[in-house]
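Okay, structure first, notes after.
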Amino acid sequence: MEINLHEILLKFDINSGISNYGNGHINSTYCTDMPKYILQRINTNVFKDPYKLMENIDNVTKFIRKKIEAAGGDPDRETLTVMKTKTGEDLYKFDEDNYFRVYKFIGDTKTVEDDKTYEDLFNAGVGFGRFQKMLDDFPAEILHETIVDFHHTPKRVEALKKAIEEDIAGRAASVKEDIDFALECAAFADTVTNKIETGEIPVRVTHNDTKINNILFDAVTGEAVAVIDLDTVMPGSALYDFGDTLRMGASTAAEDEADLSKVNFDLKAFEMFAKGFLQETKDILTPAEIDLLPFSAKLLTYECGIRFLTDYLNGDTYFRIHRPDHNIDRARNQFKLVRDMAENEDKMKAVVNEIIGC
């Protein structure tokens, strides 16, 4: 059955023209004409339970709104506002495969993609750090896991080992060096998960997909305004959010750059993001978390690398590709950064210690 987006909008009591918006790879996103709203069709292949997904987002944004209001800020600008349907729901179910939601549009903002500056990275650190700080006292245990074990690195390693053993696409022999490196690095894969299990590292509300383009920046000042794309907000570690930003934010090239001579770890980029992040979080993070911040960049970069490698071995069934070797290029790109980060780990630790005054 064909979906009429205008009729979907009417379910939210919005009567407007609408067009495609943004460049996201998961959900289908549209923007209305006037007044402006964001309409999204939730990808149920990725997010199996849209109701639990929206319950997470509603609970987290309401909590943040109260913090912003108490500080004298503008909650309609500084966090997502979930619009209700005429019947008071957070989303509209068209059929079993098509669920829609609407957010208020946050104007006078911009996103940053590959053209990031050091100032952008500092501001992104402030934005993601503030997000952590505002949710420091939120009960993470009430949140649903929208993607189970999303950042459970040891389970990503197990998925890789299964892909190597099954070798569905017959590619394992041609990428032996990449496989050997991935398995060698598996020795540090359980560092964070083990410390979470023992209680050495606290479970927090985390975004879990902290690419720099998941922040809206003020169009004039460049300051972080709001953290968006909250679909993967769930219990996790602050280390996931810190490290995940840097796997792209501290790279000198795009994540699919095949010329590895162009792929290097940028220590200055790490420093700028860490300054912004710790400006907001140094008083809430534990010593164990702060100590592992440099390591988290290497861990999350490794994790993403083995996900690309796993998908390549499985025949490119998860990540969208635009050329035959796209996923192995991505994997090698991430592994190059892992090597660079390992070589710079002591320097990263010195940067963090200087920021926090140790």
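The values are calculated or read from the model by the stated rules, or taken from the named source; none is laboratory data. This is a predicted model, so every value here is computed, not measured. Here Cβ is always computed from backbone atoms with ideal geometry, including for glycine, and neighbour counts include all displayed protein chains. For the accessible areas, the whole protein counts, side chains as well, though only heavy atoms, and no ligand, DNA or RNA atoms are used. Shrake-Rupley method; radii C 1.70, N 1.55, O 1.52, S 1.80 Å.
Observations on the structure shown:
- Here is the figure for the range 340-358: residues that are open to solvent by less than 70 Å² (accessible area, probe 1.4 Å), in a helix (DSSP H, G or I), without any contact (Cβ under 8 Å) to a residue 60 or more places away in the chain and over 16 Å from Cys185 (Cβ atoms) total 2.
- Residue that is nearest to Asn59 (Cα to Cα) [pool: residues in the range 237-250 that are at pLDDT 95 or above and open to solvent by 10 Å² or more (accessible area, probe 1.4 Å)]: Tyr240
- Against the list (1) open to solvent by 20 Å² or more (accessible area, probe 1.4 Å); (2) closer than 21 Å to Ser251 by Cα; (3) at pLDDT 95 or above, the condition Ile290 fails is (2).
- Taking the criterion of being free of Cβ contacts under 8 Å to residues at least 40 places away in the same chain, in contact with a strand residue (DSSP E or B) (Cβ under 6 Å, 6 or more places away or on another chain) and under 22 Å from Ala224 (Cβ atoms), the only residue of the range 28-68 that qualifies is Thr29.
- Of all residues in the range 310-327, those that are more than 18 Å from Asp167 (Cβ to Cβ) and outside any loop (DSSP other than H, G, I, E, B) have Cβ atoms under 7 Å from Cβ atoms of residues that are open to solvent by less than 90 Å² (accessible area, probe 1.4 Å) and not basic (Lys, Arg), 6 or more apart or on another chain, in His326/Asp256.
- Number of positions in the range 208-221 that are farther than 19 Å from Ile38 by Cα and either open to solvent by less than 10 Å² (accessible area, probe 1.4 Å) or in a helix (DSSP H, G or I) (or both): 3
- The range 322-349, residues that are more than 10 Å from Asp256 (Cα to Cα) and among the β-branched types (Val, Ile, Thr): Val338
- Looking across the range 114-142, the residues that are touching a Lys or Arg at 6+ places or on another chain (Cβ under 9 Å), in a loop (DSSP other than H, G, I, E, B) and not aromatic (Phe, Trp, Tyr) come down to Leu135, Asp136.
- Condition check for Leu337: surrounded by 24 or more Cβ atoms within 10 Å (Cβ to Cβ) and not in a helix (DSSP H, G or I): no
- Scan of the range 251-277 for residues that are touching a helix residue (DSSP H, G or I) at 6+ places or on another chain (Cβ under 7 Å), within 13 Å of Leu121 (Cβ to Cβ) and either in a helix (DSSP H, G or I) or acidic (Asp, Glu) (or both), ordered by number: Leu267, Lys268, Ala269, Phe270, Glu271, Met272, Phe273, Ala274, Lys275, Gly276, Phe277
- Flag if Val205 is closer than 22 Å to Pro154 by Cα, part of a helix (DSSP H, G or I), among the hydrophobic types (A, V, I, L, M, F, W, C) and open to solvent by less than 10 Å² (accessible area, probe 1.4 Å): no
- Scan of the range 69-86 for residues that are free of Cβ contacts under 8 Å to residues at least 24 places away in the same chain and out of contact with any Lys or Arg (no Cβ under 7 Å at 6 or more places or on another chain), ordered by number: Glu69, Ala70, Ala71, Gly72, Gly73, Asp74
- Restricted to the range 82-103, and to residues there that are surrounded by fewer than 16 Cβ atoms within 10 Å (Cβ to Cβ) and in contact with a Ser or Thr (Cβ under 9 Å, 6 or more places away or on another chain), the residue that is farthest from Arg41 (Cα to Cα) is Glu96.
- Some residue of the range 113-121 being in contact with a Phe, Trp or Tyr (Cβ under 8 Å, 6 or more places away or on another chain) and surrounded by fewer than 17 Cβ atoms within 10 Å (Cβ to Cβ): no
- Annotation: Ala182 fulfils all but one of (1) in a helix (DSSP H, G or I); (2) open to solvent by less than 30 Å² (accessible area, probe 1.4 Å); (3) closer than 23 Å to Val203 by Cα; the unmet one is (3).
- Number of the exception - Lys110 against (1) basic (Lys, Arg); (2) open to solvent by less than 70 Å² (accessible area, probe 1.4 Å); (3) under 27 Å from Arg247 (Cβ atoms): (2)
- Here the strands (runs of 3 or more DSSP E) wholly within the range 1-48 that include at least 1 residues being open to solvent by less than 40 Å² (accessible area, probe 1.4 Å) and under 13 Å from Met83 (Cβ atoms) are 28-32, 37-42.
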